[in-house]
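The values are calculated or read from the model by the stated rules, or taken from the named source; none is laboratory data. As the structure is a prediction and not an experimental result, all values here were calculated from the model. Note that each Cβ is placed from the backbone with ideal geometry, even for glycine, and that neighbours are counted across all protein chains shown.
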Amino acid sequence: MNEVIRALKERRSIRSYRTEQVREEDLQQILEAATYAPSGMGAQPVILVAVQDPATIARLSQLNAAVMGTKTDPFYGAPTVVVVLADQSRATWLEDGSLAMGNLMLAAHALGLGSCWVHRAREVFAGAEGQALLRQWGIQGKYAGVAHCLLGYPDGPLPEPKPRREHRIYRR
């Protein structure tokens, strides 16, 4: 089987991570892969913020949990969180950011890392505290949160895939 297709079929969302930080060379390759995601009209409206500072990750986790109305850690202890943002002035900002997320997760899998897509970035970065973080990070413009991509080395085996639902492909 083709290795890209194998990766598409084998990648899983990981919700348990070792404390070991992602190696810099791996992180660079993963981030670069995200920049090669397709975007509407080739506009490349997506920006990425790689966060490895434990205090910043904890704050992002708290803000994300608050949107859900919980105090649990929606980041599952991941040592790296990539915040995916996209320029809202582009009509395809959400789709473009989603494609970048896909590339992040597939690249992580290809390098033996785990990843997980965590929602609620839109709400986090629409709020006052999220906007303050963007300013602190030097990000200006009409950027909206698309998602948080958790990255780390899986703590345990990959989960088994769920059976594929039938009747999802139609041909005419």
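Would you point out which residue out of Ala43, Ala33 is on the phi < 0 side of the Ramachandran plot and surrounded by 18 or more Cβ atoms within 10 Å (Cβ to Cβ)? Reasoning before the result, please.
Details: Ala43 fails: surrounded by 18 or more Cβ atoms within 10 Å (Cβ to Cβ).
Going through Ala43, Ala33 in turn, just one is on the phi < 0 side of the Ramachandran plot and surrounded by 18 or more Cβ atoms within 10 Å (Cβ to Cβ): Ala33.
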Inset, instruction - For region 76-85, state whether one or more residues are touching a helix residue (DSSP H, G or I) at 6+ places or on another chain (Cβ under 8 Å), in a loop (DSSP other than H, G, I, E, B) and polar (S, T, N, Q). - result: no
Legend entry - Residues of region 8-37 satisfying the condition of being within 15 Å of Met101 (Cα to Cα) and among the hydrophobic types (A, V, I, L, M, F, W, C): Leu8, Ile14, Leu27, Ile30, Leu31, Ala33, Ala34, Ala37
Inset, instruction - Scan (1) without any contact (Cβ under 8 Å) to a residue 60 or more places away in the chain; (2) over 19 Å from Val124 (Cβ atoms); (3) among the polar types (S, T, N, Q); (4) not in a helix (DSSP H, G or I) for the single condition Gln28 breaks and write down its number. - result: (4)
Legend entry - Residue match in region 54-62 (condition: at pLDDT 95 or above, touching a Leu at 6+ places or on another chain (Cβ under 6 Å) and either surrounded by fewer than 15 Cβ atoms within 10 Å (Cβ to Cβ) or over 18 Å from Val118 (Cα atoms) (or both)): no
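May I ask you to verify whether Gln21 is in contact (Cβ under 8 Å) with a residue 40 or more places away in the chain, out of contact with any Gly (no Cβ under 6 Å at 6 or more places or on another chain), of a type outside the set (Val, Ile, Thr) and farther than 23 Å from Lys162 by Cβ? Even if it seems obvious, please write down each step before you answer.
Working: in contact (Cβ under 8 Å) with a residue 40 or more places away in the chain: yes; out of contact with any Gly (no Cβ under 6 Å at 6 or more places or on another chain): yes; of a type outside the set (Val, Ile, Thr): yes; farther than 23 Å from Lys162 by Cβ: yes.
The answer is yes for Gln21.
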Inset, instruction - Enumerate the pairs (first residue in region 130-142 and hydrophobic (A, V, I, L, M, F, W, C); second residue anywhere and assigned to a helix (DSSP H, G or I)) with beta-carbon separation below 9 Å, excluding pairs fewer than 6 apart on the same chain, so at least 6 apart or on different chains. - result: Leu133/Thr56; Leu133/Arg59; Leu133/Leu60; Leu133/Leu63; Leu133/Val124; Leu133/Phe125; Leu134/Phe125; Ile139/Leu133
